[in-house]
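The next block holds one structure in the form of structure tokens; read it before the comments.
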Amino acid sequence: MRKSCSPRPLLIALLLPALACCCALLPGTGEAAATVESSADGFAGVTPGLALQFPRDRGSHPAFRTEWWYVTGWIETDAHETLGFQITFFRTRPALQDANPSTFAARELLLAHCALSDPRHGRLWHDQRIRRAGLGLAAADESDTRVWIDDWRLERVAGEYLASLAAADFTLALHLKPTQPPLLNGDSGFSRKGPALRSASYYYSEPHLLVTGTVKRSDAPRVVHGEAWLDHEWSSDYLASDAVGWDWIGINLDDGGAIMAFRLRDRSGGTYWSGATLRDRAGVVHTLSGESIRFAPQRYWQSPRSAVRYPVTLSVELGERRLELAPLMEDQENDARLSSGAIYWEGAVTAFENDRAIGHGYLELTGYDSPLKLGR
């Protein structure tokens, strides 16, 4: 039985990053995607042939409807506990209201989700926030990664990321150090999400971030170390009406390589669109799409709270490779109806190939409760 989730009247049943997230990769350099076409509703459009420029494109892109910075990772405490963590900041423009001179006009909304997968306690600790941008309460900087809501923040300082979030049941204070150049997904950062050219995003990833810091729950802060993955994506027409949600993986391979793969699902549960990026240990990048990618559920878990069923164990075929994904724990459902309006499964997973563990990362499963509507 699948339980239907009513959308929050305030917003969108939005993004997620894990995405969030999705598509393939080719390296690119050049000038920023500053000159953009506008869509019919006045938001900036994503167009091919415009290369990304860093650090500018690490920052916010307010001309676009939706955007997210999404960090997931595996960490270990000094007591040898294994934990998974998720930090996501969303920026969305619910409508174009630039003509409204009021300081209180909601020109942008900032949302954030954070979660801690804790197999020892068998639960997912999670929290969420939403604020109107401005008044010093929430903002996303345009020049580089610096996004915050109250005392929750993710920012890039001297080439490295700092994340600080005091949630209701836990606190994260993490330092994330890049070890590899960004992966530009799709065609030099232009990431297709469907057959229509307008169904696309600008999208890059940063695999293999070295993580140090502390995690505090009910006890004293514990020192942690591990590895993470960051996605940054922005769009005005992300999800076509024929797509209801997505399955996405970001895997840091033990040999130094990285795998990102996704499929957007149609209303029958089949694949609407798919893409993948594989970077090997030598740094060579391969892109896949279409028939060379296949997501196949192996085992479902049903949430005792929402009654939604998620395929928490998956096989993923990428060309000649076949991965088996197993969750750190089954219950990694995130109920974000008070902010983004959606329920989704966001979980730490181990990747196996030929019955051998080859890496760790995250699996995101969205739209299994009800179809997502990004910014509509």
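Let's see how each residue does on (1) modelled with pLDDT under 95; (2) on the phi > 0 side of the Ramachandran plot; (3) in contact with a Lys or Arg (Cβ under 6 Å, 6 or more places away or on another chain); (4) surrounded by fewer than 17 Cβ atoms within 10 Å (Cβ to Cβ):
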| position | (1), (2), (3), (4) |
| --- | --- |
| 270 | yes, no, no, yes |
| 290 | yes, yes, no, yes |
| 293 | no, no, no, no |
| 298 | no, no, no, yes |
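Would you be able to say whether some residue in region 286-307 is within 30 Å of residue 120 (Cβ to Cβ), aliphatic (A, V, I, L, M) and in a loop (DSSP other than H, G, I, E, B)?
Within region 286-307, one or more residues are within 30 Å of residue 120 (Cβ to Cβ), aliphatic (A, V, I, L, M) and in a loop (DSSP other than H, G, I, E, B).
For the structure I just gave you, tell me whether residue 346 is acidic (Asp, Glu), within 24 Å of residue 182 (Cβ to Cβ), touching a residue at least 24 places away in the same chain (Cβ under 8 Å) and in a strand (DSSP E or B).
Judged against the criteria, residue 346 is a match.
Among the listed residues 56, 131, which satisfies the condition of being among the basic types (Lys, Arg), at pLDDT 95 or above and surrounded by fewer than 21 Cβ atoms within 10 Å (Cβ to Cβ)?
56
Scan region 211-255 for residues that are surrounded by fewer than 16 Cβ atoms within 10 Å (Cβ to Cβ) and in contact (Cβ under 8 Å) with a residue 60 or more places away in the chain and jot them down.
Of everything in region 211-255, those that are surrounded by fewer than 16 Cβ atoms within 10 Å (Cβ to Cβ) and in contact (Cβ under 8 Å) with a residue 60 or more places away in the chain turn out to be 223, 225, 254, 255.
Looking only at region 54-90, how many residues end up being among the acidic types (Asp, Glu) and outside any strand (DSSP E or B)?
Going through region 54-90 one residue at a time, the tally reaches 3.
So, in region 145-170, how many residues would count as being part of a loop (DSSP other than H, G, I, E, B) and either surrounded by 20 or more Cβ atoms within 10 Å (Cβ to Cβ) or on the phi < 0 side of the Ramachandran plot (or both)?
Summing the residues that are part of a loop (DSSP other than H, G, I, E, B) and either surrounded by 20 or more Cβ atoms within 10 Å (Cβ to Cβ) or on the phi < 0 side of the Ramachandran plot (or both) in region 145-170 gives 6.
Mind checking which residues of region 228-279 are outside any strand (DSSP E or B), of a type in the set (D, E, K, R) and within 22 Å of residue 350 (Cα to Cα)?
Once the filter is applied, which keeps residues that are outside any strand (DSSP E or B), of a type in the set (D, E, K, R) and within 22 Å of residue 350 (Cα to Cα), region 228-279 yields 254, 255.
Taking the residues in region 308-336 that are outside any strand (DSSP E or B) and not aliphatic (A, V, I, L, M) as candidates, determine which candidate is surrounded by the most Cβ atoms within 10 Å (Cβ to Cβ).
Result: 332.
Is there a residue being under 21 Å from residue 71 (Cα atoms) and in contact with a Phe, Trp or Tyr (Cβ under 6 Å, 6 or more places away or on another chain) anywhere in region 318-331?
Scanning region 318-331, I find at least one residue that is under 21 Å from residue 71 (Cα atoms) and in contact with a Phe, Trp or Tyr (Cβ under 6 Å, 6 or more places away or on another chain), so the answer is yes.
Scan region 322-343 and tell me whether some residue there is touching a residue at least 24 places away in the same chain (Cβ under 8 Å), under 19 Å from residue 185 (Cα atoms) and not β-branched (Val, Ile, Thr).
no
Within region 256-278, can one find any residue that is acidic (Asp, Glu) and within 26 Å of residue 74 (Cβ to Cβ)?
No, that holds for no residue.
For (1) crowded, with 24+ Cβ neighbours inside 10 Å; (2) more than 20 Å from residue 258 (Cα to Cα); (3) at pLDDT below 90; (4) touching a His at 6+ places or on another chain (Cβ under 8 Å), each residue gets a yes or a no:
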site	(1), (2), (3), (4)
15	yes, yes, yes, no
21	yes, no, yes, no
36	no, yes, yes, no
39	no, yes, yes, no
62	no, yes, no, no
76	no, yes, no, yes
98	no, yes, yes, no
102	no, yes, yes, no
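Please specify each residue of region 312-328 satisfying the condition of being of a type in the set (A, V, I, L, M, F, W, C) and either under 26 Å from residue 90 (Cα atoms) or at pLDDT below 95 (or both).
312, 328
The values are calculated or read from the model by the stated rules, or taken from the named source; none is laboratory data. Predicted model, so just to flag it, every value in this text is computed and none were measured. Using ideal geometry, Cβ is built from the backbone for each residue, glycine included, and neighbour counts are taken over all protein chains shown.
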